[in-house]
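Chemist: Below you will find the structure I want to go over with you.
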Amino acid sequence: MRTYLSYLKGDPVIWIITLLMMAFSLVTVYSFVPILIKIEGGSPFLYLFKHLIYVVLGFAAMFAIHRVPAKYISQLAKFAYYLGLALLIFTWFFGAQVNGAGRWIRIPFVNLTFQSSDFAKLALLIYLSKLLVKKQQKFDNWREGIFPLLIPIGAICLLILKDNFSTSAMVFMLSMLLLFIGKVPLLKLFTMAGVGLALVLLIVGLHLAVPKANILPRYDTWMNRINNRVDTKDQSIESLQANQQANNAKLAISVGAVFGQGVGDGKLKEFLPEAYADFYYATFVEEFGFVSAFILVLLYLILLYRMIRFALKTQDLFQSYVAMGIGIHLLTQASVNMLVCTGVFPVTGQNMPFLAMGGSALVMACVSIGVVQSFAKELPKNEQENQFASQVQNEID
């Protein structure tokens, strides 16, 4: 193990947890796809092979990026942001429709899809971190300090909003949290949050006022999910059918008990749409039980802890903000999946990082880890430089 880890620089704990999750995802994807086979045909081996391709691509991207010097990631932050913006605009007009949402770009010849928002939200976190360092002395000035932060956030969130409200809302909240970490004044943060909420309400009002324009094509789906979650006392047949996904998810968690039904022995996964992605946690608990679910939560918390630990140790503010942003984003995405499956949140489309079947989400999660490891591998060198500088200063004193 140490021999292989010697090729992987950075935080060894993050490497071990990430690679274990990716390897384990091959088992769960093979086990969780019966509903997909029932709907689209194929065989478990077909979907396993497709997922294996993404796992290999994800690892290759993670390994390649972690070898890149950290300074180049900072230099490419602005380019990555504008590339993410361009991909979202392209998706807006030419996106492939999957499950009624045009969030994907279909890659020619290989019949694979890529969700542009997965790249755009990571690019935004990195670019925002760079802006926080650049503008840190100008936060009292709206024109020079705040608007340069608010405009990139608004552009990305509005482009994602049309087809993916949950991701747009999550990106906005993560951005606000990153600004809070970056010491943007609270009054300005509340003002920005208020402006964002007002803008969403305005867009919803325009959609309702001019329905033929179809500004928010998935508005009815969002409202149905929220209403079904709020009106839990309605036990009519129509209500039960509308809440079938959420009810099956909670039932799957219930029957999982302490140690689960066993790998491949879950029954409700055959009736739970997106059991391999959006309802991953419910199917996981059904087959592996509460003990394994507790370990899974613990692994995500350790990932967040290691990233925060690095963020507090590094002397580079840009690296610190990026590491915290990525750690919080990964944990938030996993938490939303769990909260949806347990019935706390309305049904939405957030899968489990590194575990669920999904191409661009898995690859971009790996890219995120690669970025953090690119920073972390330089920490020993930075510590030695700081120690040498301290010794020189002591000699001078």
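Chemist: Rank these for me by crowding, 167, 113, going from fewest to most other beta carbons within 10 Å.
Modeler: 113, 167
Chemist: For the pair residue 254/residue 214, report the inter-label distance in nm, with labels modelled 7 Å from Cα in the Cβ direction.
Modeler: 3.9 nm
Chemist: Please state the shape class of the stretch 35-93: rounded when a/c is under 1.5, otherwise prolate if a/b exceeds b/c and oblate if not, all from the C-alpha gyration tensor.
Modeler: Oblate.
Chemist: For the stretch 128-207, compute Rh as the Kirkwood radius over C-alpha pairs and then the Stokes-Einstein diffusion coefficient at 10 °C and 1.306 mPa s; write the answer in µm²/s, rounded to an integer.
Modeler: Diffusion coefficient, whole number: 123 µm²/s.
Chemist: Using the Cα gyration tensor of the stretch 269-373, with a ≥ b ≥ c the square roots of its eigenvalues, what is the shape: rounded (a/c below 1.5), prolate (a/b larger than b/c) or oblate (neither)?
Modeler: Verdict is prolate for the stretch 269-373.
Chemist: Going by C-beta contacts inside 10 Å, put 92, 15 in order with the fewest on the left.
Modeler: Listing 92, 15 from fewest to most nearby Cβ atoms yields 92, 15.
Chemist: Which far-off residues, 5 or more places away or on another chain, put their amide H under 5 Å from the one on residue 345, with H placed in the peptide plane?
Modeler: Answer set, sorted by chain and number: 340.
Chemist: I've got another one for you. Only helical DSSP H runs with n ≥ 4 go in: add -39500 (n - 2.57) per run for the chain, normalise by residue count and round the 222 nm mean residue ellipticity to 500 deg cm²/dmol.
Modeler: Rounded to the nearest 500, it is -23500 deg cm²/dmol.
Chemist: Pairwise over distinct Cα atoms, reciprocal of the mean inverse distance: report the Kirkwood radius of the chain in Å, one decimal place.
Modeler: Its Kirkwood hydrodynamic radius stands at 22.4 Å.
Chemist: Which of these, 199, 177, 19, has the largest mean-square fluctuation under a Gaussian network model of the chain (Cα springs below 10 Å)?
Modeler: Judging by the Gaussian network model, the answer is 199.
Chemist: Could you tell me the distance between the Cα centroids of the stretch 259-299 and the stretch 49-98, to the nearest Å?
Modeler: 29 Å
Chemist: Could you list 375, 59, 79 so that the one with the fewest beta carbons within 10 Å of its beta carbon is first and the one with the most is last?
Modeler: Result, fewest neighbours first: 79, 59, 375.
Chemist: Near the amide H of residue 113, under 5 Å away, which other amide H atoms are found, from residues 5 or more places off or on another chain, if H is placed in the peptide plane?
Modeler: Excluding prolines and chain starts, which carry no amide H, the hits are 107.
Chemist: Compare the Cα positions of 82, 256, 166 along the charge dipole of the chain (+1 at Cβ of Lys, Arg; -1 at Cβ of Asp, Glu; about the Cα centre) and return the one farthest towards the positive end.
Modeler: 82
Chemist: Only helices at least 15 Å long along their own axis, judged from Cα atoms, and with Kyte-Doolittle mean hydropathy of -1.0 or greater: name those in the chain from DSSP H.
Modeler: Once both thresholds are applied, what remains is 12-32, 44-66, 77-94, 116-134, 147-161, 165-181, 186-209, 244-256, 280-313, 317-341, 359-376.
Chemist: What are the semi-axes of the equivalent ellipsoid for the stretch 303-345, taken as the square roots of 5 times the Cα gyration tensor eigenvalues, largest first, in whole Å?
Modeler: 27, 8, 5
Chemist: Okay, moving on. Under a point-charge model restricted to the Cβ atoms of Lys and Arg (+1) and Asp and Glu (-1), what is the dipole moment magnitude of the chain relative to its Cα centre, in debye to the nearest 20?
Modeler: Computed about the Cα centre, the dipole is about 700 debye.
Chemist: Pick from 248, 337, 224: which residue has the top mean-square fluctuation in a GNM of the chain where Cα pairs under 10 Å get a spring?
Modeler: So, out of 248, 337, 224, the one fluctuating most is 224.
Rule-based calculations on the coordinates, nothing more; no lab input. Predicted, not measured: the structure shown is a model, and the values here were computed from it. Positions of Cβ are generated from backbone atoms using ideal geometry, with glycine treated the same way; all protein chains shown enter the neighbour counts.
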